[in-house]
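The values are calculated or read from the model by the stated rules, or taken from the named source; none is laboratory data. Bear in mind the structure is a predicted one, so any value in this text is a computation, not a measurement. Here the Cβ is made from the backbone with ideal geometry for all residues, glycine too, and neighbour counts use every protein chain on show. Heads up: the accessible areas ignore ligands, DNA and RNA and are worked out on the full protein's heavy atoms, side chains in. Shrake-Rupley method; radii C 1.70, N 1.55, O 1.52, S 1.80 Å.
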Amino acid sequence: PTSGANANKVLIPSGHTLDASNGLTTPAGHVIQVLTQEITAYSSTSSTSAVATGFTLTITPKSTASKIRCTVGICGMYAAAVSSSASFYLHKNGSFHKYLNAIAGHASGSGQVHLGKDIIMQVTDSPSTTSAVTYAIFWKRNAGSGAVHFNNYATSNNETRSWYSVEEIAQ
């Protein structure tokens with residue numbers, strides 16, 4: 001209807017559905033799709049070259065104009081030495097894409113060494129494609145000695161949970 005209480009609204013009668021299989025224009029800023037992954041296993045590396053964390057998601061954007069937001073939450077960070085540090089990187093389709101964060105070690109009140117404990121890192125990409133894009137999180141020990149770890153402490157749920165999400169955002 002062009003006038004009245006329902007002016008400029010699309011009304012779907014009860015018992016009917018809206019079929020958008022031939023296309024839908026999503027308003028800018030809205031999330032089109034979300035992929036998620038969770039890792040509960042303990043992970044560590046002594047490598048000074050970037051290695052996979054196990055976080056890998058492949059998304060196929062619906063529009064070439066879309067942005068892709070990658071967010072990772074790393075829990076239970078720990079290092080063997082105060083001088084240790086770790087760096088995280090985003091790889092796109094198997095190659096380095098963006099630097100995410102470096103976490104330096106510091107001593108806790110109990111004398112243990114932590115690397116920020118729990119951290120969240122986020123980056124937005126403009127892939128300009130409707131072909132599948134794989135985003136993976138890599139990490140390495142930057143400095144210090146020994147290994148750096150994540151998912152290194154138990155919670156009341158019996159496991160530490162680190163997580164990763166990839167979202168397509170309409171533009």
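Looking only at the range 88-99, count every residue that is open to solvent by 10 Å² or more (accessible area, probe 1.4 Å) and on the phi < 0 side of the Ramachandran plot and tell me the total.
Result for the range 88-99: 8.
Of everything in the range 23-53, what is within 25 Å of I169 (Cβ to Cβ) and not β-branched (V, I, T)? Give them in sequence order.
Result: G23, L24, P27, A28, G29, H30, Q33, L35, Q37, E38.
Taking Q122 as meeting all but one of (1) touching a strand residue (DSSP E or B) at 6+ places or on another chain (Cβ under 8 Å); (2) open to solvent by 50 Å² or more (accessible area, probe 1.4 Å); (3) at pLDDT below 80; (4) farther than 18 Å from A41 by Cα, write down the number of the exception.
All conditions pass for Q122, except number (3).
Just the residues that are assigned to a loop (DSSP other than H, G, I, E, B) and not aliphatic (A, V, I, L, M), please, taken from the range 41-58.
Y42, S46, S47, T48, S49
Taking the condition of being open to solvent by less than 60 Å² (accessible area, probe 1.4 Å) and part of a loop (DSSP other than H, G, I, E, B), how many residues in the range 59-87 meet it?
Residues meeting the conditions: 9.
Under 25 Å from the mean Cα position of the chain (by Cα) and at pLDDT below 90: is that true of A102 in this structure?
Against the criterion (under 25 Å from the mean Cα position of the chain (by Cα) and at pLDDT below 90), A102 qualifies.
Go through T58, T36, T26 for me and flag whichever is in contact with a Lys or Arg (Cβ under 9 Å, 6 or more places away or on another chain), within 30 Å of S128 (Cβ to Cβ) and not hydrophobic (A, V, I, L, M, F, W, C).
Going through T58, T36, T26 in turn, the sole match is T26.
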